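Structure, as structure tokens:
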Amino acid sequence: MNRFAELLDRLSFEPSRNNKLRLMTDYFRSTPDPERGYALAALTGALGFQHAKPGLIRALISERVDPTLFYMSYDYVGDLSETVALLWPEPAATAAGAGHNRPPLALSEVVTTLATSGKLDLPRILARWLDALDEIGRWALLKLITGSLRVGVSARLAKTAVGDIGGKQPNEIEEVWHGLSPPYIDLFAWVEGREARPEATDPAPFRPPMLAHPIEEADLAVLNPEDFSAEWKWDGIRMQVVAGHDATGKRVLRMFSRTGEENTHAFPDLAEALAHLPAQDFAIDGELLILREGRVQPFSILQQRLNRKAVSAKHMADFPAHVRAYDLLSLNGEDFRPFAFCDRRKRLEAFVAECNEPRLDLSPIVPFKSWEDLAAARADPASAGAEADAAAVEGIMLKRVDSIYVPGRPKGPWYKWKRDPFNVDAVMMYAQRGHGKRSSFYSDYTFGCWREGENGEELVPIGKAYSGITDEELAQLDRYVRNHTINRFGPVREVEYSRDKGLVLEIAFEGINWSSRHKSGVALRFPRINRIRWDKPAKDADRIEVLEGLLRQRESA
Amino acid sequence: MRASDLLKTTPAGLYCAAGDFHIDPLRPVKRALITHGHSDHARAGHESVLATRETLAIMGVRCGPDFAGATQAAAYGERIGIDGLTVSFHPAGHVLGSAQICVEAKGLRVVISGDYKRARDPTCAPFELVPCDVFISEATFGLPVFRHPDAAHEIARLIDSCRLFPERAHLVGAYSLGKAQRIMALLREAGWQRPIYIHGTMEKLTRFYEREGIDLGEVIRVTGPERPKLGGEVVICPPSALQELWSRRFPEPVPAFASGWMRVRARARQRGVELPLVISDHADWDELCETILATGCSELWVTHGEEDALVHWASGQGLAARPLHLIGYGEEEVEACEPAIPSDEADPALI
């Protein structure tokens, strides 16, 4: 438990992805089975026990600490698990003599005990464990049992770290992952080259998806339009739907995100409908969308469905989930991935037609003869067949008709050609220091547009961006921030901005939505810095009405 | 005599009318008794200063030889008469030369702790328990969430990180007086044999510690051109330097900070610290409680820090406890009379 706690502690403070990877790989290399396997399960969210409630933890501490001191401490620290971890009284030194004969608490003991013990035993067991651990150990244990690790590690990143032990790609881990279970002895044995690859016995395994490279218009000149098929690029969520039957003949249906995280539980309505499709087993690659009266809803609507922990019947009825299929990876025991795209497409069309399921449809092919045709479709999807769904189109997907389905992002077979981003000129208002290589640089900028305020023209923040600039530009902006600071709030600096003074940043973004959470009433998607407008006076930056107009224009389309 | 007749709080700090002296005064006074050399306790400009030899020397290093009109050195345990009172200085274990001050008047014994700790520190004399009637304690870490781990364990984490990230410079923010040198000494005890690099503002005090016979091994002041080559090395700097341009030319720095505040995660995150090291020169909650009881005092005054919780606890122990609400202490980081940062270290954008 101690080593796992130290790992979580370091991860929680480490902002860089690569350094997180190294911390995990180092841990997996140097920690024996089964401890590392349970740690992997904790990091990937694969531990199945019932999580403890905050009330239980409060009750335990109130038996041990003066309530006034607890209240003052909680008020100061601000996080229940952390407060309790810090406050927990160490068992008296004299009594500890007996405890010293015991081996230190192991993560495996925690996991196996929690899986088998009843709810009534939990307070007593938990108290005994907290007595046996140090502060970091207690913190990690409380985070683990309440189910909120929050150390900034995705399941994918943890699997990547395991792969790094033996030079395996994360996709190779994904291929076998869903047939495995904690503590993953067979996985580590394979990665370390001691045993053969574990057999995938999962009836509904995840298949690492194929991804596309962005294309520039200049690239098109050397490509032949006849080699490619085009589809709309939908502004939803990539989703893989896999179905099969387990050993007892029971139907298993799973839905996976692009990174292989299972999210079936979030879409019971969709899962229910798709479980009845007429096939022994299948794997569909498609886009998760919200459809109302046959119209694809913009991403902001989809987000409202995603942001729920528990889904109510009303919520499901208000936000009906739907899969728009663009590939068929397997059907009835046959793996289609080695087939050419055009062959898979024929099979997909036949399969979707046979299913006749309202929640499943085909992503249509966009017909074109020349790149000019396609550029026109991309510029105006509504007139090129997307019609009412045009607002949910974020570009064009290009797939070579002869391309087989390869996991990862191979160069050449698939391209994405996004619609041109929107631009807005905004004024820098705040800057925040970055992390890792950018630590000590003011690299995250909040910017605003003009609007009519109570005391005349004022800037209202519309977003935050930290990418799009070169290292040289970063240094220039950092110098600008340091020379124009008017206020400091911890790591944040407020810079000078007024009608006469201020720095204009040209911000590019992919989309825009109404937002009740933002003061400006709008939220930008993927904002980044396109150009630094050293030349442009602050008063000539855009007004908020420009963005509002853009939104209305899209709504009326 | 009651303690409240002997000592009063004034805008300049704690004042003893019977002896006409202030303890750790915040503004220039006629006669100052000073517990230790941190800038929030030891300020320049007093007519006369009574302190330990080391504290006087530290004030000289920090503020120049003319920091006071007259000075008098007090040896630990020496009984010094002032206008019918007896004062004595006793080790506080906080930094080199730090002292508790004991004031005795007509059978009443009051001990002013100054800042203190009970944990071992290879760079200064250990805390000495002085039995008393009234104990005037600090409470910097006066909440039960503050329990400092063994400093050796934290140093081991630092060394471990240097091993895991040998290409990254490990910048350890630490107060220039006491903490920085304690870390160097602890690194040596843990077997760290590489040179230890320091920020220019730490050099004078570090060399002073060395002259006082404290072995810190090879300590090198960082120069500009060297910075990019210090991957895997330990560089100790004032906490504020972690956020300045100074830190930039080091290879992908790991910002570390050695302080009792690092016990609380949010405090570490607010400062952008990636490797928090819980190493403190102050008593933690358990040490505060244990010390207060061990002095046998019947009355507790709390000078600065998280007074409320400690007063609440002491009242529950049957002590007459009250907070003094002294302000102006606990800001060791503000190095008031420190010379300006040498120009090659300065942030050009800030000048």
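Observations
- Residue pairs whose Cβ atoms lie under 7 Å apart, separated by 6 or more positions or on different chains, with the first residue in the range A:487-516 and within 16 Å of residue A:465 (Cα to Cα) and the second of a type in the set (Asp, Glu) and not in a loop (DSSP other than H, G, I, E, B), are A:504/A:425; A:506/A:425; A:510/A:394.
- The range B:281-327 - residue that is touching a Ser or Thr at 6+ places or on another chain (Cβ under 8 Å), more than 13 Å from chain A (Cβ to nearest Cβ) and closer than 26 Å to residue B:257 by Cα and, of those, surrounded by the fewest Cβ atoms within 10 Å (Cβ to Cβ): B:304
- Applying the criterion of being open to solvent by 20 Å² or more (accessible area, probe 1.4 Å) and in contact with a helix residue (DSSP H, G or I) (Cβ under 7 Å, 6 or more places away or on another chain) to the residues of the range A:197-212, the residue that is nearest to residue A:243 (Cα to Cα) is A:200.
- Criterion (surrounded by 18 or more Cβ atoms within 10 Å (Cβ to Cβ), out of contact with any Leu (no Cβ under 7 Å at 6 or more places or on another chain) and either within 22 Å of residue A:534 (Cβ to Cβ) or hydroxyl-bearing (Ser, Thr, Tyr) (or both)) met by exactly one of A:363, A:383: A:363
- Residue in the range B:74-84 that is more than 14 Å from chain A (Cβ to nearest Cβ), in a strand (DSSP E or B), under 21 Å from the mean Cα position of the chain (by Cα) and without any contact (Cβ under 8 Å) to a residue 40 or more places away in the chain present: no
- Complete set of residues in the range A:131-154 that are away from chain B (no Cβ under 14 Å) and in contact (Cβ under 8 Å) with a residue 60 or more places away in the chain: A:141, A:144, A:145, A:146, A:147, A:153, A:154
- Residue count for the range B:254-271, restricted to those that are open to solvent by less than 50 Å² (accessible area, probe 1.4 Å) and either more than 12 Å from chain A (Cβ to nearest Cβ) or within 23 Å of residue B:285 (Cα to Cα) (or both): 10.
- Boolean, residue B:102 is under 28 Å from residue B:119 (Cα atoms) and out of contact with any Leu (no Cβ under 9 Å at 6 or more places or on another chain): yes
- With respect to the stated conditions, residue A:62 fails to be at pLDDT below 95, in contact with a Leu (Cβ under 7 Å, 6 or more places away or on another chain) and within 14 Å of another protein chain (Cβ to nearest Cβ).
- Checking the stated criteria, residue A:186 turns out not to satisfy the condition of being more than 14 Å from chain B (Cβ to nearest Cβ), over 29 Å from residue B:306 (Cβ atoms) and exposed (fewer than 14 other Cβ atoms within 10 Å of the Cβ).
- Matching option when the condition is surrounded by fewer than 21 Cβ atoms within 10 Å (Cβ to Cβ), more than 9 Å from every other protein chain (Cβ to nearest Cβ) and under 21 Å from the mean Cα position of the chain (by Cα), among A:29, A:17: A:17
- Residue match in the range B:71-82 (condition: more than 21 Å from residue B:211 (Cβ to Cβ) and open to solvent by less than 20 Å² (accessible area, probe 1.4 Å)): yes
- Flag for residue B:278 being farther than 19 Å from residue B:119 by Cβ, within 14 Å of chain A (Cβ to nearest Cβ) and surrounded by 20 or more Cβ atoms within 10 Å (Cβ to Cβ): no
- Qualifying residue in the range A:264-282 (condition: crowded, with 20+ Cβ neighbours inside 10 Å, within 20 Å of the chain's Cα centre (by Cα) and in contact (Cβ under 8 Å) with a residue 60 or more places away in the chain): no
Each row is one residue, and each column tells you yes or no for (1) of a type in the set (S, T, N, Q); (2) within 14 Å of chain A (Cβ to nearest Cβ); (3) open to solvent by less than 10 Å² (accessible area, probe 1.4 Å).
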| position | (1), (2), (3) |
| --- | --- |
| B:138 | no, no, yes |
| B:153 | no, yes, no |
| B:161 | yes, yes, yes |
| B:165 | no, yes, yes |
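- Residues in the range B:83-98 that are hydroxyl-bearing (Ser, Thr, Tyr) and either over 22 Å from residue B:15 (Cα atoms) or buried (at least 22 other Cβ atoms within 10 Å of the Cβ) (or both): B:98 alone.
- Among the candidates A:353, A:431, residue that is on the phi < 0 side of the Ramachandran plot, without any contact (Cβ under 8 Å) to a residue 12 or more places away in the chain and of a type in the set (A, V, I, L, M): A:353
- Residues being modelled with pLDDT under 95, within 13 Å of another protein chain (Cβ to nearest Cβ) and closer than 24 Å to residue B:188 by Cα - total across the range B:232-246: 2
- Residue ID - surrounded by the most Cβ atoms within 10 Å (Cβ to Cβ), chosen from residues in the range A:131-147 that are among the small types (Gly, Ala, Ser) and touching a helix residue (DSSP H, G or I) at 6+ places or on another chain (Cβ under 8 Å): A:140
- Residue satisfying all of: in the range A:65-93; among the β-branched types (Val, Ile, Thr) and assigned to a helix (DSSP H, G or I); farthest from the other protein chains (Cβ to nearest Cβ) among these: A:84
- Among the residues of the range B:225-253, those identified as open to solvent by less than 30 Å² (accessible area, probe 1.4 Å), over 22 Å from residue A:479 (Cα atoms) and more than 23 Å from the chain's Cα centre (by Cα) are B:230, B:231, B:232, B:233.
- For the range B:28-49, the set of residues classified as under 19 Å from the mean Cα position of the chain (by Cα) and open to solvent by 10 Å² or more (accessible area, probe 1.4 Å) consists of B:43, B:44, listed by residue number.
- Scope the range B:288-329; condition under 19 Å from residue B:127 (Cα atoms) and not in a strand (DSSP E or B); matching residues: B:288, B:289, B:290, B:291, B:292, B:293, B:294, B:295, B:296, B:297
- Looking only at the range B:11-39, and only at residues there that are without any contact (Cβ under 8 Å) to a residue 60 or more places away in the chain and in contact with a Phe, Trp or Tyr (Cβ under 6 Å, 6 or more places away or on another chain), the one that is nearest to residue B:116 (Cα to Cα): B:22
- Some residue of the range A:418-433 being within 14 Å of chain B (Cβ to nearest Cβ) and either surrounded by fewer than 18 Cβ atoms within 10 Å (Cβ to Cβ) or not aliphatic (A, V, I, L, M) (or both): yes
- All helices (runs of 4 or more DSSP H) inside the range A:118-206 with 3 or more residues being closer than 23 Å to residue A:255 by Cβ and modelled with pLDDT under 90: A:170-177
The values are calculated or read from the model by the stated rules, or taken from the named source; none is laboratory data. The shown structure was predicted, so the numbers you read here are calculated from the model rather than taken from an experiment. Please note: Cβ atoms are built from the backbone with ideal geometry, for glycine as well, and neighbour counts cover all protein chains shown. All accessible areas refer to the heavy atoms of the entire protein, side chains included, with ligands and DNA or RNA removed. Shrake-Rupley method; radii C 1.70, N 1.55, O 1.52, S 1.80 Å.
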